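In what follows, a structure is listed as structure tokens, so that the remarks can point back to it.
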Amino acid sequence: MRQGIRGVMGAGLAMGLVALPAAAQGVALAASDPVGIARSGVQVAYGYSLEAASLNPALLASLKESRAAYLAAGMELQDAQVSLESNQKTWYSSDRNRGLAGFGAAFRVAPALTLGLKLDTPFQRHGQFAPDAPNRFMGDALDLSGRRLEAQAAWAITPGFSFGIGLGATHLRFESGSVVRLGVPLDPTQPTSATNPVSGVVEQGVGQSGSKTLPSYSLGFRWALSPRWTLGLVHQSGYKTDLDLSASLRGGMLGLYANDGMSAPLLGTATRAAALLGLTTAGAGNGRLELPSTTTFGARQRVNSLITWEGDLRWTAAGLQVPGFAQVGTPSGIVTPPATIARSKGHLGGGLSAEVELGKFWTLRAGAFVDQASVDEALVEPLVGGSRQASFSLGAGYRVWGGEVSLGYQFRQAKDQDVTSLDGVWSAAGFRATGSRTRVEGMGHLFAIGFKRSF
């Protein structure tokens, strides 16, 4: 018993030490079911767990039951904020909540072959800022999500070694929005020129959206070194596609200014701006969407009949890239947003999870995971983020009705990051960054409840 207590204390201490230097929220979700959420996704070597098989299909071969299934539902919440040092004002994102659903099933068709099916949400990122937020010219809205359905199979090469594969499809959905300013000439129906100069600028929102379904796969193995130690490895595919985006103007004019981009406009500018917007069309930006692959290695130890822990290392490949923001066309030419969201770099993450069996009915779970930064600090922005990341989670399971009811909760807190590239002034001469320091922060919650039963 003392050995078990020391194991729990050691795992908890390691989680705390790992999590101290970092905190932020990213695009990927830990899991879509309460057990995976409670473990912070640290479970690629966790045998005897149908929920863990959603990440590593090779674990299907280790299940004690010949048939089992789980169903889960929950909520995912995200909140980002930007604070401008020059005026001490803070803007918070809206569009924070999303529903979450998960499903998994396993069927043993032969002593060495087990089939499975899973439905999950591997990533999700969303948020929208107010029209006056300092980052609006760099993008003020984003909604990126993926829903994945895969058929799985696992082969037990030996009682201690199994190989698994998952094949399916992922439905990707993307939306983004930004704000641009257009020069308003004296005659808005004609291009600007020396005889038709700009007499003010008008601010207008523009958005775009698109979706696509792409194939996906996962490959993994499980190796039980002994009754107490198990190793696992899984590779999950990335996605690369060109979305067919549709763009449109968002609402009416957001503001009207003189040529300096700050002062009140001259008389008559409003009428000319309305005429100009009537001749303005929206066009989609570069539709390239890329989501990187991940490779995770895990080691699990069953300390005793009560306590099990696992440690994972995950490599996320370089290449997270979202489409460029929409642009607008006027009689004077094309107006494009002044920036695009930076492409990510490869990075390493690590995490720990622990599970404690309390008698015949209760199971307690906890986990933590930390990721390195995926972009340079100067390129961090509130829509996608990219700074160092961490998550902390808790959960419990209760055996009832011939199965198990589980709850899982995860808290994500964004590392404060100061940048100087978000705030800017857009005048008749174009956009220029002010260099004002802006603090980017964020937090998130992930919650799910589910029921698993064997048949």
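The values are calculated or read from the model by the stated rules, or taken from the named source; none is laboratory data. Since we're looking at a predicted model, the values are computed, not measured. Every residue, glycine among them, receives a Cβ derived from its backbone with ideal geometry; neighbour counts consider all protein chains shown. Heavy atoms of the whole protein, side chains included, go into the accessibility calculation; ligands, DNA and RNA do not. Shrake-Rupley method; radii C 1.70, N 1.55, O 1.52, S 1.80 Å.
Set side by side, the residues Ala396, Ala448, Ala390 differ, and just one is touching a residue at least 12 places away in the same chain (Cβ under 8 Å), open to solvent by 20 Å² or more (accessible area, probe 1.4 Å), hydrophobic (A, V, I, L, M, F, W, C) and in a strand (DSSP E or B), which is Ala396. When every residue of region 59-70 is checked against the conditions, at least one turns out to be open to solvent by less than 10 Å² (accessible area, probe 1.4 Å), touching a residue at least 40 places away in the same chain (Cβ under 8 Å) and in a strand (DSSP E or B).
Residue count for region 402-420, restricted to those that are closer than 26 Å to Leu379 by Cβ, open to solvent by 20 Å² or more (accessible area, probe 1.4 Å) and modelled with pLDDT of 90 or more: 3.
Regarding Leu77, is this residue in contact with a strand residue (DSSP E or B) (Cβ under 7 Å, 6 or more places away or on another chain), in a strand (DSSP E or B) and over 30 Å from Phe137 (Cβ atoms)? No; evaluated as a whole, the condition is false for this residue. For region 301-351, a residue qualifies if it is aliphatic (A, V, I, L, M) and open to solvent by 40 Å² or more (accessible area, probe 1.4 Å), and the qualifying residues are Leu306, Leu313, Ala318, Ile334, Leu348. When Trp315 is tested against the conditions (1) in contact (Cβ under 8 Å) with a residue 40 or more places away in the chain; (2) assigned to a strand (DSSP E or B), the lone failure is (1). Please state which one of Ala373, Ala378, Ala368, Ala354 is modelled with pLDDT under 95, open to solvent by less than 70 Å² (accessible area, probe 1.4 Å), within 20 Å of Asp312 (Cα to Cα) and among the small types (Gly, Ala, Ser). Testing whether each residue is modelled with pLDDT under 95, open to solvent by less than 70 Å² (accessible area, probe 1.4 Å), within 20 Å of Asp312 (Cα to Cα) and among the small types (Gly, Ala, Ser) leaves just Ala373.
Residues of region 235-254 include at least one that is outside any strand (DSSP E or B), in contact with a Leu (Cβ under 7 Å, 6 or more places away or on another chain), of a type in the set (Gly, Ala, Ser) and touching a residue at least 60 places away in the same chain (Cβ under 8 Å). Total residues in region 203-234 satisfying the condition of being in contact with a Lys or Arg (Cβ under 7 Å, 6 or more places away or on another chain), open to solvent by less than 20 Å² (accessible area, probe 1.4 Å) and within 30 Å of Arg250 (Cβ to Cβ): the figure is 4. Answer yes if at least one residue in region 263-285 is without any contact (Cβ under 8 Å) to a residue 40 or more places away in the chain, open to solvent by 40 Å² or more (accessible area, probe 1.4 Å) and β-branched (Val, Ile, Thr), and no otherwise. The answer is yes; a qualifying residue exists. Taking each residue of region 98-109 that is within 24 Å of Ser66 (Cα to Cα) and looking for partners that are of a type in the set (A, V, I, L, M, F, W, C) and open to solvent by less than 40 Å² (accessible area, probe 1.4 Å) with beta-carbon atoms closer than 6 Å, six or more apart or interchain, yields Gly102/Ala72; Gly104/Leu50; Ala105/Ala69; Ala106/Leu50; Ala106/Leu60; Ala106/Leu63; Ala106/Ala68. State which residue is farthest from the chain's Cα centre (by Cα) when the search covers only region 340-366 and only residues that are touching a residue at least 60 places away in the same chain (Cβ under 8 Å) and over 30 Å from Leu379 (Cβ atoms). So, considering only residues that are touching a residue at least 60 places away in the same chain (Cβ under 8 Å) and over 30 Å from Leu379 (Cβ atoms), the one farthest from the chain's Cα centre (by Cα) is Val356.
Residues in region 143-166 that are modelled with pLDDT of 95 or more and more than 18 Å from Leu233 (Cβ to Cβ) were compared, and the one that is farthest from the chain's Cα centre (by Cα) is Ala151.
Here's the yes/no breakdown for (1) in contact with a Phe, Trp or Tyr (Cβ under 6 Å, 6 or more places away or on another chain); (2) assigned to a strand (DSSP E or B); (3) polar (S, T, N, Q):
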{"site": "Ala282", "(1), (2), (3)": "no, yes, no"}
{"site": "Glu290", "(1), (2), (3)": "no, yes, no"}
{"site": "Asn304", "(1), (2), (3)": "no, no, yes"}
{"site": "Trp309", "(1), (2), (3)": "no, yes, no"}
{"site": "Pro323", "(1), (2), (3)": "no, no, no"}
{"site": "Gly329", "(1), (2), (3)": "no, yes, no"}
{"site": "Pro338", "(1), (2), (3)": "yes, no, no"}
{"site": "Lys345", "(1), (2), (3)": "no, no, no"}
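Would you pick out the residues in region 77-97 that are out of contact with any Leu (no Cβ under 7 Å at 6 or more places or on another chain), of a type outside the set (Gly, Ala, Ser) and closer than 13 Å to Gln128 by Cβ? Within region 77-97, Gln78, Asp79, Gln81, Trp91, Tyr92, Asp95 qualify.
Selection of region 427-439 for residues being within 30 Å of Pro197 (Cα to Cα) and either open to solvent by less than 20 Å² (accessible area, probe 1.4 Å) or not hydrophobic (A, V, I, L, M, F, W, C) (or both) yields Ser427, Gly430, Arg432, Thr434, Gly435.
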